[in-house]
Amino acid sequence: MDTAMIDVSGVTKTFGSVTALDDVSLSVPRGSVLGLLGHNGAGKTTLVSILSTLVHPSAGRARVAGYDVTRDDLEVRRRIGLTGQYAAVDATLSGRDNLVLIARLLGAARAEASARADELLELFQLTEAGRRRAKTYSGGMRRRLDLAASLVGRPEVIFLDEPTTGLDPVARRDLWDIVQKLVADGATVLLTTQYLDEADFLADSITVLSKGRIIASGRAEELKSRVGRRSVNLTLRDSVDGPRVAEALARTGLVPTHDEERLVLTVPVTDSTEIAVVVRAADDAGVEIAGLAYSEPTLDDVYMALNHSSPHEGESR
């Protein structure tokens, strides 16, 4: 986990007068997942294009699997797999023939190509559909086939650029399971996504881009702690109980907000240990509560807070 399989230092990319990436630096250890978040136009796809050697940086340096993406582009390509936002398989070929073709193009002998195709069809639960034309596949099946195609060459580093766009929840979770298996086998993954639950579930660390610049990075829990929106929600039995509990809470230094219509008191807290303080305050007020819930900040809270402080005017690619 200590070896950086993706190492980006001061990368800038301009397209004419537009700065798509501005002094971006990041590092992804071997066998881990980096979640790259950002609004449309934040620069996510541009960064993936640079790391996969499709576009050269205007300034800075990037290395993948130890090779420079500009000077050693052929070596980089031999070690990566790329799945974009839309399935890139040949719809007129069967799923199996798609994989065999790619293996042959990569230099595999016929028997080796067939064996690799069958191995990937089994991994992605496509064996039964392997001889059907890809155009008959559902959206989720085509995305699985597309990801399988990117793995034919046994890449060390995998770039997933919004791979679950347009998939239903079941298909998304199927793809998540596959990504976890790949990482468990030693692959390194850079995942771009706009689904915050996806990043929370899969990523070991998260980097947030806005207008081509990194505005936050860290583990999901670290980012959530910056927002600090922990709260205890008390559901009351009677509207007259609200002021009594609020007064008791004020004596402890806690300041709740009262939703009189829903009979709910929301109490901002520092951490879960203050749940007991809230319950004791209600007890001191002689109030029997109907319900209690504790909520932690989510990546949605983090994303909204970061974007509130970093508006999107003049968005990059």
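The values are calculated or read from the model by the stated rules, or taken from the named source; none is laboratory data. These figures come from a predicted structure and were not determined experimentally. Note: ideal-geometry Cβ built from the backbone for every residue, glycine included; neighbour counts use all protein chains shown.
Observations
- In region 110-130, residue surrounded by the fewest Cβ atoms within 10 Å (Cβ to Cβ) [restricted to those that are under 31 Å from the mean Cα position of the chain (by Cα) and in a helix (DSSP H, G or I)]: GLU122
- Within region 141-172, considering residues that are of a type outside the set (A, V, I, L, M, F, W, C) and farther than 29 Å from ARG78 by Cβ, the one nearest to the chain's Cα centre (by Cα): ARG172
- When restricted to residues that are among the hydrophobic types (A, V, I, L, M, F, W, C), assigned to a loop (DSSP other than H, G, I, E, B) and without any contact (Cβ under 8 Å) to a residue 24 or more places away in the chain, region 67-102 contains 1.
- Some residue of region 243-252 being closer than 30 Å to PHE15 by Cα and in contact with an Asp or Glu (Cβ under 6 Å, 6 or more places away or on another chain): no
- Yes/no for LEU47 being assigned by TED's automatic domain parsing to the domain that holds THR192 and touching a residue at least 60 places away in the same chain (Cβ under 8 Å): yes
- Of the strands (runs of 3 or more DSSP E) that lie entirely inside region 1-59, those containing 3 or more residues that are surrounded by fewer than 22 Cβ atoms within 10 Å (Cβ to Cβ) span 4-15, 18-29.
- The listed residue being over 18 Å from the mean Cα position of the chain (by Cα) and under 19 Å from GLY212 (Cβ atoms), out of LEU54, LEU37: LEU54
- GLY107 vs. criteria buried (at least 16 other Cβ atoms within 10 Å of the Cβ) and either in contact (Cβ under 8 Å) with a residue 24 or more places away in the chain or not in a helix (DSSP H, G or I) (or both): no
To keep it simple, each residue is scored yes or no on (1) at pLDDT 95 or above; (2) of a type in the set (A, V, I, L, M).
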| site | (1), (2) |
| --- | --- |
| ALA4 | no, yes |
| VAL11 | yes, yes |
| THR14 | yes, no |
| LEU21 | yes, yes |
| PRO29 | yes, no |
| SER32 | yes, no |
| GLY35 | yes, no |
| VAL48 | yes, yes |
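- Cβ pairs under 6 Å, 6+ apart, first in region 140-165 and over 24 Å from GLY107 (Cα atoms), second among the hydroxyl-bearing types (Ser, Thr, Tyr) and part of a helix (DSSP H, G or I): ASP161/THR45
- Region 206-224 - residue that is among the small types (Gly, Ala, Ser) and outside any strand (DSSP E or B) and, of those, nearest to GLY38 (Cα to Cα): GLY212
- Among (1) without any contact (Cβ under 8 Å) to a residue 60 or more places away in the chain; (2) in contact with a strand residue (DSSP E or B) (Cβ under 9 Å, 6 or more places away or on another chain), the one test that GLY31 misses: (1)
- Any hit, region 292-302, residues being surrounded by fewer than 18 Cβ atoms within 10 Å (Cβ to Cβ), of a type in the set (A, V, I, L, M, F, W, C) and in contact with a strand residue (DSSP E or B) (Cβ under 9 Å, 6 or more places away or on another chain): yes
- Filtering region 189-201 to residues that are aliphatic (A, V, I, L, M), in contact with a Ser or Thr (Cβ under 9 Å, 6 or more places away or on another chain) and crowded, with 21+ Cβ neighbours inside 10 Å leaves VAL189, ALA199.
- Restricting the first member to region 111-129 and to residues that are within 21 Å of ASP185 (Cα to Cα), and the second to residues that are outside any helix (DSSP H, G or I), the beta-carbon pairs closer than 7 Å and six or more apart or on different chains are ARG116/ALA108; ARG116/VAL152; LEU120/LEU151; LEU120/VAL152; LEU121/THR127; LEU121/GLY130.
- If you go through region 265-306 and keep only what is free of Cβ contacts under 8 Å to residues at least 40 places away in the same chain and assigned to a helix (DSSP H, G or I), you end up with THR273, ALA276, VAL277, VAL279, ARG280, ALA281, ASP283, ASP284, MET304.
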